[in-house]
Amino acid sequence: MTAPDPMLERLRTLAAGTRGSGRAAAPRDDVHHMDGVDHVDDVDDVDAVLDLVFAWFRACFRPSRAGGRSGVFHYEVGTPLGVRHRYVAVTGGTCTTSRTLDGTPDATIGVALDDLVALAVGAAKGTDAFVSGRLKISGDAFFAMNWIEWFGSRSRDSARPGGETA
């Protein structure tokens with residue numbers, strides 16, 4: 001058995017510190033602020049948490065599962081300081097993340113920061129968050145459903161970056 005990934009452990013620590021807002025994620029321009037993760041209260045903290053989450057997503061990308069398909073996921077993340085944007089681009093078997101995008105994303109996902117962290121560590125399921133209104137999708141919903149296939153389960157202790165299991 002391999003040691004747990006430090007990024008995953010840090011995310012789990014953050015997730016354990018959330019109270020869960022219970023609020024629904026609002027669509028596009030009005031994503032609600034979270035009221036969990038109490039220690040995330042300035043720009044540097046918010047950006048550090050987002051950078052960690054999206055580095056973890058990038059590390060968990062499974063190129064073989066993408067099967068040569070490509071596209072861009074746009075995340076609108078509600079934070080205590082307002083909405084923050086992140087982009088995850090998949091092309092040519094690679095995954096990149098950024099704060100800006102030239103062009104149009106295939107799907108936009110609106111979610112509160114505490115819910116995003118919970119999704120990243122497997123403490124919440126995307127389908128449950130969607131059905132309960134805590135996660136909103138606009139654009140190509142069928143493309144958005146590729147997320148779980150391309151990035152796999154990030155919650156298992158045996159999960160390794162790249163989607164391989166022990």
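Things worth noting here:
- Residue selection: Arg23 satisfies the criterion of being part of a loop (DSSP other than H, G, I, E, B) and modelled with pLDDT under 90.
- Count of residues meeting criterion [in a helix (DSSP H, G or I) and either within 16 Å of Arg62 (Cβ to Cβ) or charged (D, E, K, R) (or both)] in the stretch 128-142: 1
- Residue check, Asp41 at pLDDT below 75, open to solvent by 80 Å² or more (accessible area, probe 1.4 Å) and of a type in the set (D, E, K, R): yes
- Residue check: Val83 meets all listed conditions (1) of a type in the set (A, V, I, L, M); (2) within 15 Å of the chain's Cα centre (by Cα); (3) within 23 Å of Met7 (Cβ to Cβ) but one, namely (3).
The values are calculated or read from the model by the stated rules, or taken from the named source; none is laboratory data. All of these numbers come straight from a predicted model, not from anything done at the bench. Quick reminder, even Gly has a Cβ in these numbers, built from the backbone with ideal geometry, and neighbours come from all protein chains shown. SASA here: full protein model, heavy atoms, side chains in, ligands and nucleic acids out. Shrake-Rupley method; radii C 1.70, N 1.55, O 1.52, S 1.80 Å.
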